[in-house]
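Read-outs throughout are calculated quantities, based only on the coordinates presented, and are distinct from any laboratory measurement. Owing to the predicted nature of the structure, the values given are computational and were not obtained by experimental measurement. Using ideal geometry, Cβ is built from the backbone for each residue, glycine included, and neighbour counts are taken over all protein chains shown.
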Amino acid sequence: MNRTCAFVCVLAIALVGCSDDDDNGGTLPTARLRPLWSCGEAADYIKEAAVARMRKQVDDQLARYARGEACYHGGTDDASTGNGSGGGSPSPTPPEGGPSQGTGTNNQVSGVDEADFIKNDGQYIYLALNDKLRIVDSWPAAESHTVSTTPLPGEPRKLFVDGNRALVYVATGTGNNNYRECTYGYDCAFTGDGTATTLLVYDITDRASPQLIRTVGLSGSLISGRKIGSTVHTVVTQAANPFPDVETFIYDNTLCDYQTQLPPARLVRRASLLYAQLAAANEQKIRETNVDQRLPAVTDDSGLTPQGEDASCGSLYGSSITDGTGFTSIVSLKLDDPGPVQMWSIMSRPGAIYASTDALYMAVPHQWGEDDVSTVHKFRIGNEPAATYYIGSGFVAGRALNQFAMDEKDGLLRIATTESRAPSPDAVSYLTVLREQGDDLVKVGGLGGIAPTEDIRSVRFDGDRAFVVTFKKTDPLFAFDLSNPAKPKKLGELKIPGFSTYMHMMDDGHLLTIGYDADDHGDFAFFDGVLLQIFDVTNPTVPSLMHRFTIGTRGSSSEALTNHLAFTWYPEESLLALPMTVCEGGNDGVYGQTMTFNGLMVFDTSIAGGFGEHGRVPHAVAPNISCGNWWTNGTSTVRRSLFLDNFVYSVSEQELKVRDIAALGAELRTVPLLP
């Protein structure tokens, strides 16, 4: 079956399925999740899925052998190498007597708070960092000081603050020590680190003495958290592969006892027999395994949440695509009103998470034959845990880069995806609009064929418009009109060197972006220094570049490049604050090795004047910071910043520095964050 037919089929299967006899010998599955009504049914589903997955892996290995790809008979390697191509929320409401304005978390959607390791309410800064919940009295700025440090029973991840309640996520158990949180999914997967997650709810009425009032344990590791009103919605994932003894490759050197290009028929017959025996032995192991202990679980010391099977399997669903080997759960908890925890789980690996004020979407990537496809699952959420439930699912072609690749308007999901990856000639992108229809998310309209041979590097939706940046060697900024969901259309595009990894709406007609400059080499481009840009999209049919500002050379980095929570725009004062590691001396694919600055950079930023450096707040270089960062690994010593009135606060894992924005070079206050 050709790729065009496969694409049409994938978009149709949410409703009717599609015959794919050439590739898979059957009908593509429905995207709709299947409810599993008991732990016993869930266990059977896990085993059936494991058997199907195992048999496919065994069949693939046998096919590799028959093609002569499983045995090494000498010769030279001919592996090609890459060319190194670069390839807001409202301010918190200030307390009486506190600052009159300031910045909060840089949330994607107004009214939907995103979990982070730092929060502030205008008077206090809350930090889940270095094994402690730390509360800093931040006002008056020159008198900032720690008022309490509360030890945490695990490694802190993120937190929420809602009035006099704080919820802290901590990781417990053994996980992957090399795991790096995936916030920009270009070259990382939303997998979790293998730990369990504990939700600690504190009464912080007395900021000097937080009191633990509730502990909720989840068997999965943290992927994402959203807060709507006082209700927190948490997404966790846990591995569910309870079959460690299953083997899918035969270690038998006699099968490689041939010198021809392909194995002779007698050895292929022998391999077929051995692989059939291996599959049968694997299936017996799978069916005899007790999987009950691998089901998602929740504990709650309040006694309000059902335990055992009711909690683990009362709201459990199976996916028709069985390439996932884990459970992903959505858990809802209200902070200011005791009540049971609600948990809904699906047997699937996690994906990119987007949430509006009443829905949460997860886009899970899959490989179907030669095509990239994503299953999009929709859950209803809101300001009451009991309102959380599964809505439906659908398929789209390609993979979503991150949460900004999705947006909801008028109950419709708009999603931007890329199939394959540059510099592959098959790389291409899509815009798709989905709506609910029964238990399905069905396609309302879409636009394909966007930027062939390029892939998506950033997306921003704004009302009826979408802005998409793709890249191979130049940065096309595309503007799309989504006012007619059935017929999205391209309005205009602009091609310039470099690419943006994050786009922020300054106002209705202007985009403020951060990304990388690039050195064009005809067929490819090397990424270079950090690039700030302002685009005029007042007339989206002719988007134009108004201002650009390059920081350092190749190897310069900022966490804001791949995590929007590190990007701080203070519109009231026209200031932009960015964590930054500046490296000089690089050029044309060569990393600069001279680190000239490490800390927070603040820029005067306006539509009329562009960018002007306002000042810098230096920090000591953290051990993991260097000038050799790859473009998708945006790291910096300073991780977050915030403004309160005329003061800027820069936060690293070691210290919090407070400076007057009129005199950034002068020491004002430093609050240690260690030990």
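Observations on the structure shown:
- Candidates G339, T375, T417 compared by Cα position along the dipole of the stretch 290-424: farthest toward the positive end lies T417, with charges placed on Cβ.
- Residue separation of E288 and D523 scaled by 0.36 nm, minus their Cα-Cα distance, works out to 79.1 nm of gained length.
- DSSP bridge pairs, the stretch 411-539: antiparallel proportion in percent, nearest 5: 100
- Put a dot 7 Å past the Cα of E613, heading toward its Cβ, do the same for Q437, and the two dots end up 5.6 nm apart.
- Rounded, prolate or oblate (a/c below 1.5 giving rounded, otherwise prolate when a/b exceeds b/c) for the stretch 510-643 by Cα gyration tensor: oblate
- Cβ crowding within 10 Å ranks F499, F524 as F524, F499, fewest other Cβ atoms first.
- All distinct Cα pairs of the chain go into the 1/r average, and the inverse of that average, the Kirkwood radius, is 26.6 Å.
- Positive-end residue, the stretch 123-267 charge dipole about Cα centroid, Cβ charges, pick of G194, P140, S209: P140
- Between S424 and Y389, the simple label model (points 7 Å from Cα in the Cβ direction) yields a spacing of 4.0 nm.
- A662/R380 FRET efficiency (R0 30 Å; Cβ-Cβ; nearest 0.05): 0.05
- When D517, D60, D464 are arranged by Cβ crowding within 10 Å, least crowded first, meaning fewest neighbours, the order is D60, D464, D517.
- Overall form of the stretch 323-431 per C-alpha gyration tensor (a/c, 1.5; a/b vs b/c): prolate
- Gyration tensor verdict on the stretch 369-506 (Cα atoms; rounded if a/c is under 1.5, prolate if a/b is larger than b/c, oblate otherwise): prolate
- If R0 is 60 Å, the Cβ-Cβ spacing of L674 and A52 corresponds to a FRET efficiency of close to 0.75.
- Simple spin-label estimate for D131 and D410 in nanometres, 7 Å along Cα-Cβ: 5.5
- Among the listed pairs K409/K487; K158/K227; K409/K443; K47/K285; K119/K378, those with a Cα-Cα distance over 18 Å are K119/K378.
- The magnitude of the dipole of the chain, with charges of +1 and -1 set on the Cβ of Lys/Arg and Asp/Glu and taken from the Cα centre, is near 600 debye.
- The S574 and S110 beta-carbon pair, evaluated with R₀ = 30 Å, returns a calculated FRET efficiency of approximately 0.90.
- Structure-based [θ]222 nm, the chain - -39500 (n - 2.57) summed over DSSP H runs of at least 4, per residue, nearest 500: -3500 deg cm²/dmol
- From least to most packed, judged by other beta carbons within 10 angstrom and beginning with the fewest, Y361, Y516 follow the order Y361, Y516.
- Mean sequence separation of contacting Cα pairs (under 8 Å, at least six apart), scaled by the length of the stretch 405-506, corresponds to a relative contact order of 21 percent.
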